[in-house]
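Note sheet for the following structure.
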C-alpha cells in the first residue's frame, strides 16, 4: 500500500513521515519540484496508473498576512490544487484527506465551532482554504477534511519556536490576549490523519465529510506563551514576564478569528479519536526542542 503525502516538508508532513504506519505501508512525499500540485496536468499524470491507496494533502499557502497581497498565489495552492487533487483521486477511485483551518470561521461564535457551523472567512487565507474545502467536497465523495488550528511542533517556523527565541532575547514579551483557540501538536494531528486515512482505505463504509482535529483545551495566545516560557524555564531557559495586549495593539494585514475553538466531538464519534490536552502535547515539543524538564515530570503523558 502506497500513500501519497503532499506538503511533506511542512510541520504535519514531517510528522506524518515519522509515524509507524504498519507493515506493508509505504509513503511517497514528493517535493514541490517533483510534483507541482498547482499544475492540473501534473497532478493527473502523477495519479494515473501509480496505484496509490490514498492521498493526504497537507500542502498550503500559510503565510496568512502575505496572502492579503499575494491573493493569486494563495488561491492557487489552497483552492485550485485541492480541486485538481479531488478530480484526480475521484478518477483513480481513492480517498482524499485534506487539512483545513479554523480561519474559515469569522470567530464570532461564543463557544466551540462544530464542523457544520456556517463558515464566514475574513481573510484571503481563510477564503482560499474554504474554497479548497468546497472543491474537495464536490470533487470526490470519498474524502475527509480535517480542520485544525494553532499548529506547533519542533519543525519549521511556529509559535512555540518563536516564543522560545524571543524569551531568550528579550526581558519581557507582549502577546495578544483576546484571541482564544486550541493549540495543536503537528504530531497529534498527523496521528489522527494516519488513523482516518487507513480507515478510509480499508473500509468502504468509513465516515466521510468534515471534522475538527485540535488538542483538547482552550487558551489565549498570551496564556499559551506563558506556558511555553514556563516550560522552557523548567528546562533551564529564561523565565521572562509575558504581558497581555489587545489585538488592536498588534494590527496585522489579515484579520484573525477572535474565537478559534473547534469541537472534536464528531471526530471522536466517527473515528474513536480522543485528542489529549494541548499542555501535555506542549511538554513533548519542549522536550524535543529544549530538553527534559529538571525534576518535574508531572506534565508528561503519552498521547491517548
Next on the checklist: The conditions are (1) over 22 Å from residue 206 (Cα atoms); (2) in contact with a helix residue (DSSP H, G or I) (Cβ under 7 Å, 6 or more places away or on another chain); (3) not in a helix (DSSP H, G or I), and residue 56 fails exactly one of them. Which is it?
Outcome noted: (1)
Next on the checklist: Being part of a helix (DSSP H, G or I) and closer than 21 Å to residue 262 by Cα is the requirement here; does residue 84 meet it?
Outcome noted: no
Checklist entry - If you scan region 19-41, which residues turn out to be farther than 20 Å from residue 77 by Cβ and surrounded by 11 or more Cβ atoms within 10 Å (Cβ to Cβ)? => result 19, 21, 25, 27
Next on the checklist: Can you list residue pairs whose Cβ atoms sit under 9 Å apart, with the first residue in region 212-229 being on the phi > 0 side of the Ramachandran plot and the second being surrounded by fewer than 21 Cβ atoms within 10 Å (Cβ to Cβ)? Count only pairs 6 or more apart in sequence or on different chains.
Outcome noted: 217/277; 217/279
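Conditions tested, residue by residue: (1) modelled with pLDDT of 95 or more; (2) within 19 Å of the chain's Cα centre (by Cα); (3) surrounded by fewer than 19 Cβ atoms within 10 Å (Cβ to Cβ).
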position: 200; (1), (2), (3): yes, no, no
position: 206; (1), (2), (3): yes, no, yes
position: 217; (1), (2), (3): yes, yes, yes
position: 224; (1), (2), (3): yes, yes, no
position: 239; (1), (2), (3): no, no, yes
position: 243; (1), (2), (3): yes, no, yes
position: 250; (1), (2), (3): no, no, yes
Checklist outcome for this item: Picking from 73, 59, the residue that is within 26 Å of residue 215 (Cα to Cα) and surrounded by 16 or more Cβ atoms within 10 Å (Cβ to Cβ) would be 59
Checklist entry - Which of the residues belonging to region 271-289 are crowded, with 17+ Cβ neighbours inside 10 Å and more than 30 Å from residue 233 (Cα to Cα)? => result 271, 273
Checklist entry - Filter region 167-192 for residues that are in a helix (DSSP H, G or I) and crowded, with 18+ Cβ neighbours inside 10 Å; which is farthest from the chain's Cα centre (by Cα)? => result 167
Checklist outcome for this item: Expected single match for within 17 Å of the chain's Cα centre (by Cα) and modelled with pLDDT of 95 or more among 44, 72, 59, 67 is 59
Next on the checklist: If the requirement is being assigned to a loop (DSSP other than H, G, I, E, B), more than 16 Å from residue 144 (Cβ to Cβ) and touching a helix residue (DSSP H, G or I) at 6+ places or on another chain (Cβ under 8 Å), which of these qualifies: 107, 49, 8?
Outcome noted: 8
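The values are calculated or read from the model by the stated rules, or taken from the named source; none is laboratory data. Note that the coordinates shown come from a computational prediction; the quantities given were computed from them, not determined experimentally. Note: ideal-geometry Cβ built from the backbone for every residue, glycine included; neighbour counts use all protein chains shown.
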